[in-house]
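Worksheet: one structure, shown below.
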Amino acid sequence: MVVKSAYLLNFLVKLYLKGTLAMLLHHRFVETAKQYAQKTAISDRSVGKSLTYRQTLIASLILTRICRKFPRGNVGLMVPTSLGCILAKIAILMSGRTPVMINYSTGAEQNARFAQRKCAFHTIITSKALLEKINCPHVPGMIYLEEIMAGLSWLDKLWAAGIALLPANLIKLFIKGGDEDDNLVLLFTSGSEREPKTVPLTHKNITTNIVDCGERFHFTDQDILLATLPYFHVFGMTVNLWLPLFYGSTIVCYANPLEYKKVCEIARKEKTTVMVGTPSFYWGYLRKSELGDFTTTRIAMCGADKCPDALREGFMSKHGVTLLEGYGATECSPVISVNSAEENRPGSVGKPVTSIAVRIENYETGEECAPGEDGRILVKGPSVMKGYFNDFEQTSLRMRHGWYDTGDMGNIDADGYLWHVGRLKRFIKIGGEMISLVRTENVLEKLLPEDIECCVIEVPDAIKGAKIVAVTTAPIEEKTIIKQLAGQLPAIAIPKIFLVRQQMPKTGNGKIDFRALTEIARQELQR
């Protein structure tokens with residue numbers, strides 16, 4: 001009996017050490033939940049339900065027992081930003097599986113099947129209510145949250161409540177341990193320019209980014225985060241989910257960021273202190289908000305696309321809130337650089353965060369650029385992915401000697417601020433000259449009324465190889481605009497063709513889908 005007890009004790013010690021040698025984010029959540037047990041962890045304004053940290057821990061442990069019945073490996077998760085999505089994500093990790101986040105906003109069925117093929121899994125946790133709302137048919141492998149919750153037994157609940165009473169270090173013995181280099185999540189790139197790539201991000205990747213952001217913005221357990229971005233997008237997942245759970249903050253989530261007025265009302269009522277979004281969403285909040293909606297907001301981060309001057313000025317004028325522009329990539333977990341209250345240079349995307357090194361490289365020679373000189377943006381650091389999932393070709397194209405080639409162009413000024421000037425793919429060569437579509441777009445944007453959106457794209461041309469086309473969301477005086485552009489741009493950079501679309505095709509995070517828009521323009525010009 002003594003020998004068996006010694007073996008058991010040795011086993012438990014080894015298991016404990018294995019689970020604590022690394023910073024695993026689901027383990028960090030357990031620690032946070034025990035520390036802030038009675039504090040509100042999640043307030044889901046879509047369903048009007050809130051859970052304390054202790055209740056969130058119990059609910060996650062209940063779902064963990066369910067997830068252990070799924071095949072090992074990857075598990076799909078296709079659920080809107082909600083209490084259910086957060087609990088399912090934590091439970092998948094606690095059960096030793098890896099969540100694969102699926103975009104439901106555009107082509108949900110296609111995206112679900114693509115994810116299953118690409119990442120070799122079958123099970124997808126989703127919601128019947130979601131599928132009905134987006135008119136998505138059942139895909140083999142789908143399991144519904146509504147049925148999971150209805151099928152829970154008293155034994156599941158009793159077991160979870162009992163485990164949750166234990167100290168944090170003992171709770172960790174009942175959930176999956178692992179290594180900081182284990183995958184935390186599989187995400188997909190936006191696919192706005194080509195077929196989405198699969199990005200595996202580890203616990204170390206995301207934790208590093210969380211700590212960097214925490215240092216830059218002084219996050220505390222007193223913060224209340226307004227979470228509206230989808231969790232299938234890395235910006236939303238890192239800042240709207242793992243960051244608040246890491247610091248013991250409160251998540252106030254709402255599933256539809258496009259309900260601008262409702263989101264503004266939630267910000268006012270819940271007294272949120274932190275919000276993140278894309279320019280597309282911030283425009284909506286600016287137009288639908290009332291004075292006082294963002295009185296408690298101390299941080300408003302704007303990313304995923306360039307923040308227009310008019311939007312920045314509008315928020316400051318109406319609410320006294322500074323939009324702090326940042327820059328990131330799915331492959332970097334995501335934040336690469338960001339402005340802060342202490343160091344803010346409007347127009348730039350801020351200084352690189354602590355753990356990220358940035359190199360600006362001449363796109364032709366590969367030499368490092370001088371301060372202020374445009375070139376490719378390369379980044380290196382512990383928040384950068386290991387490589388694309390099962391895609392050696394793309395990994396070898398984008399990862400070189402530890403540096404990740406973002407595919408973006410920019411420069412670093414003498415004071416260390418990074419300036420993003422556009423995707424390399426959004427530069428075109430006409431008549432031997434490199435033309436920035438982003439620069440043309442920025443100039444055009446300032447000449448149009450605030451309620452008209454614009455995008456400048458490239459379409460093939462039999463003679464010149466390429467031609468510039470401007471797409472706007474309302475008719476404009478083309479001759480007048482061209483004349484005004486001529487005063488600010490070289491003739492070769494001025495669009496001669498203008499198309500009108502009432503709405504721009506967009507990805508789930510509000511970015512313009514360039515691939516879809518280019519195809520639309522091609523078809524229209526061929527008529």
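Quick note: the coordinates plus some simple rules give every number you see, no bench work behind them. Worth saying up front: this structure is predicted, and the values here are computed from it rather than measured. Reconstructed Cβ throughout: ideal geometry from the backbone, glycine too, with neighbour counts over all protein chains shown.
Classify region 431-526: rounded, prolate or oblate, from the alpha-carbon gyration tensor (a ≥ b ≥ c, eigenvalue square roots; a/c under 1.5 rounded; otherwise prolate if a/b is larger than b/c)?
Verdict is oblate for region 431-526.
How far apart, in nm, are the 7 Å Cα→Cβ label points at GLU478 and LEU258?
Distance between label points: 2.9 nm.
Report, in degrees rounded to the nearest 10, the 0 to 90 angle that the Cα long axis of helix 260-270 makes with the longest principal axis of the chain.
Value to nearest ten degrees: 50.
Relative to the Cα centre, what is the charge dipole magnitude of the chain, using +1 at the beta carbon of each Lys and Arg, -1 at the beta carbon of each Asp and Glu, and rounding to the nearest 20 debye?
Dipole magnitude for the chain comes out near 1720 debye.
What length, rounded to one decimal in nm, is gained on full extension from GLN110 through to ILE452, with 0.36 nm per residue of separation minus their alpha-carbon distance?
So the chain would gain 120.0 nm between GLN110 and ILE452.
Please list 3J(HN,Hα) in residue order for region 175-183, calculated via the Karplus relation 6.51 cos²θ - 1.76 cosθ + 1.60 where θ = phi - 60°; whole Hz, with x for glycine and proline.
10, 5, x, x, 10, 5, 8, 6, 5
Any chance you could run the full-extension gain for LEU525 through ALA129? It's 0.36 nm times the residue separation minus the Cα-Cα distance, nm to one decimal.
Full-extension gain reported as 138.6 nm.
Add -39500 (n - 2.57) for each DSSP H run of 4 or more in the chain, then divide by its residues: what number comes out at 222 nm, to the nearest 500 deg cm²/dmol?
Dividing the helical sum by the residues of the chain leaves -11000 deg cm²/dmol.
What pairs from LYS288/LYS483; LYS479/LYS511; LYS133/LYS172; LYS318/LYS511; LYS172/LYS271 go past 32 Å between their alpha carbons?
Correct reply: LYS288/LYS483; LYS133/LYS172; LYS172/LYS271.
Roughly how tilted is helix 25-35, in degrees to the nearest 10 and between 0 and 90, from the longest Cα axis of the chain?
60
If I take R0 = 56 Å and measure r between the Cβ atoms of GLN38 and TYR363 in this structure, what FRET efficiency does the formula 1/(1 + (r/R0)^6) give, to the nearest 0.05?
The formula returns an efficiency of 0.55 here.
How far is helix 53-67 tilted, in degrees, relative to the longest principal axis of the Cα atoms in the chain, given as a value from 0 to 90 rounded to the nearest 10?
So the inclination is approximately 90 degrees.
Given H placed 1.01 Å from N in the peptide plane, which residues other than close sequence neighbours of TYR363 have an amide H under 5 Å from its amide H?
ARG376
Could you go through region 346-357 in sequence order and give the Karplus-derived ³J(HN,Hα) for each residue, using 6.51 cos²θ - 1.76 cosθ + 1.60 with θ = phi - 60°, rounded to whole Hz, and x for Gly and Pro?
My calculation for region 346-357 gives x, x, 8, 9, x, 8, x, 5, 3, 8, 9, 9 Hz in order.
Using packing as a proxy for protection, rank 88-99, 245-256, 34-45 so that the peptide with the highest average count of other Cβ atoms within 10 Å comes first.
Final packing ranking: 88-99, 245-256, 34-45.
Which percent, to the nearest 5, of DSSP beta bridges fully inside region 431-526 are antiparallel?
On the way: 9 of 13 bridges.
Here the share of antiparallel DSSP bridges comes out near 70 percent.
With the crude spin-label approximation of a point 7 Å out along Cα→Cβ, what separation in nm comes out for MET23 versus PHE392?
About 3.3 nm, to one decimal.
Looking at the square roots a ≥ b ≥ c of the eigenvalues of the Cα gyration tensor of region 286-396, which shape do they give, rounded for a/c under 1.5, prolate if a/b is larger than b/c, or oblate?
Verdict is prolate for region 286-396.
For GLU325, enumerate residues with amide H under 5 Å from its amide H, sequence gap 5+ or separate chain, H modeled in the peptide plane.
Correct list: CYS302, ASN339.
To the nearest 0.05, what FRET efficiency results for GLU373 and ASN344 with a Förster distance of 22 Å applied to their C-beta separation? Could you put the intermediate results ahead of the total?
Working: r = 23 Å, r/R0 = 1.05.
According to the calculation, E is roughly 0.45.
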